[in-house]
Every structure is written in structure tokens, then in C-alpha cells.
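Right, one structure below, let's go through it.
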Ligand SMILES: NC(=O)c1ccc[n+]([C@@H]2O[C@H](COP(=O)([O-])OP(=O)(O)OC[C@H]3O[C@@H](n4cnc5c(N)ncnc54)[C@H](O)[C@@H]3O)[C@@H](O)[C@H]2O)c1
């Protein structure tokens, strides 16, 4: 069902790799709600992913950008505003990657070159995206910027590795940059903290099957899906949430406020 919530709005969506990607599902919903956008991903993802299919489905153009490269981001923002015919109303940062996780390095045995790279891709890139948008004055007033995060930024999930630290940094950037974007440009900046979701990035985390099943049992409403996340993001891009900013918003079926659930307890009880 469409409510035309984003009619006439323009934006950039980062991070759609395949149909499991949260950004992919979000792009479909934004299109359904009447928004126009440019899709962006790292040049390497263009070869691996099926992003062209998404571009056709949503009648949008693709501009490659490595989100750690200021030059690429500047080119992207210039071209996106040109293609879309004006300043932007929404931006989704749906980007994450840890080289330590990929290489199977334990948290206590990091390769710091990998740590730095993972930080740059997963957290630093969010600052870079916003700095480019801010300096170019590329956002319309009452625009909305959203980045995706995970609960391991706030609580310990041992196998989430250095991504936990990257997410903590990302959430802090949302608040710190959100202040200036709010004061100077009337733009809101938030992070959405999403349930574990079976995507390429999600499944890269060791023990993923275990903690998605655990979160499902802990959450009174069950895990939020990629489509649930897309719907929440639409609300955050719409004019219905104009004064929500500097927040870390949980889209997790209630997981973040749970201590223990009866279902989890049952697995420890005899008989
Ligand atoms: N899947 C989960 O369990 C989960 C839970 C909470 C939050 N998140 C977050 O959601 C976001 C999207 O991830 P997803 O789960 O949809 O997985 P995904 O693998 O589909 O998306 C990650 C994207 O990041 C892109 N990317 C990597 N390096 C890049 C670079 N240098 N420049 C530009 N793009 C780059 C990838 O190409 C990919 O499209 C991430 O921030 C992730 O941490 C995921």
C-alpha cells in the first residue's frame, strides 16, 4: 500500500547489493511512495551485485562511489542533484564492512590496517557523506539523513568484533553532525538500530544463525525484517517525523529493552 509519503522528494540510497540488502528493500519502498533517487555503491559492488535490476525496477540511475573517497562522493552529490533536478531531501547510508571479520581475525588479535579500513568504510564514510552534503549545501531544509546500525554498539556481542566499535562511532557521528546539520540547515540525522537480518553483511558475522535465532526468541514482536526497516526508514524520510533528530532508533521487535523472555528461559529449564 502506498501513501505517497515521499512524493516529489529526491535522494541518494547507498548500499543496495542484492535483493536481501536493507537498502534494496528501502529503494523499492521509496519508489512506491513516490520518491526519486540515485543508487550508489562501491565500484566493486557494481560487478558483484544486481544493482542494474533495481535501477530498472525503480526507474533510477546508478552512480558508483567508494564511500571512503571524498572525490567520489563530491562527484556523486554533484551528479545526483543534476540528474534529480535539485537539492536532496533524503539520504540512506546503508554501508558496513569489517576486514577483520572477513579474514576471521578475533577481536583480541586485530590487524590494525584492517581495523582502520573497516572503520573508514563503516563509520568514517558517514562523516564524509555528510561533510560533502553540508559543504555543497546539497540538502533541502527539513531533509532527513539515516544510517543503519546494530545493538552491538551499546551491548556486548562477542562475535560482532570491531564492527561493534565502528557502530558506536557511527552513532556518535549522527549526533555530532546532526547538531550542526540541524542548527545550520534544518536537516535531521538519525540512526536506525535494526534486528539481525539475513543479508550479505549480516551473514558475514560468525555465529549469525545463533544470534538471529536468539534475538527472535528474546523479542516480543520477533525480529524486524529488511522490509520492516525499509518502512521505518520511509517514515523517517517523510514529513511526519520532522523534529526527530540526533536519535538512535530501535527497530528490533523490542529486543533492546528485554532482560530475558520466557522462550529463552524455557531452553534452560528441565521438563
Ligand atoms: N544485516 C544485519 O543483521 C544488520 C543489522 C543491523 C544493521 N545492519 C547494517 O545495515 C547496513 C546495510 O547492510 P545489509 O545488512 O543490508 O548488508 P549488505 O551486504 O547488503 O550491504 C552492505 C553494503 O555496503 C556496501 N559497501 C561496502 N563497502 C563500501 C564502500 N567502500 N563504499 C560504498 N559502499 C560500500 C556493500 O557493497 C553493500 O552494498 C550496514 O550498515 C549494516 O551494518 C545490518
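Quick rundown of the values:
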item	result
Ranked list, fewest to most other Cβ atoms within 10 Å of each Cβ, for 3, 250, 112	112, 3, 250
Ellipsoid semi-axes in whole angstrom, largest first, where each is sqrt(5λ) of the Cα gyration tensor of segment 1-105	24, 17, 12
Neighbour-count order for 263, 32, fewest beta carbons within 10 angstrom listed first	263, 32
From the C-alpha gyration tensor of the chain, square roots of 5λ in Å	30, 21, 18
The chain: most fluctuating residue of 124, 86, 143 per GNM, C-alpha cutoff 10 Å	86
Kirkwood hydrodynamic radius of segment 53-178, Cα pairs, Å	15.8
Relative contact order %, the chain, counting alpha carbon pairs below 8 Å whose residues are six or more apart	19
Expected 222 nm ellipticity per residue - DSSP helices of 4 or more, -39500 (n - 2.57), all of the chain, to 500	-13000 deg cm²/dmol
Ranking of 24, 142, 119 by count of other Cβ atoms within 10 Å, fewest first	142, 119, 24
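Here, each number is a calculation from the coordinates, and none is a lab measurement. Everything numeric in this text was worked out from a predicted model, so none of it was measured. Cβ atoms come from the backbone with ideal geometry, glycine included; neighbour counts cover every protein chain shown.
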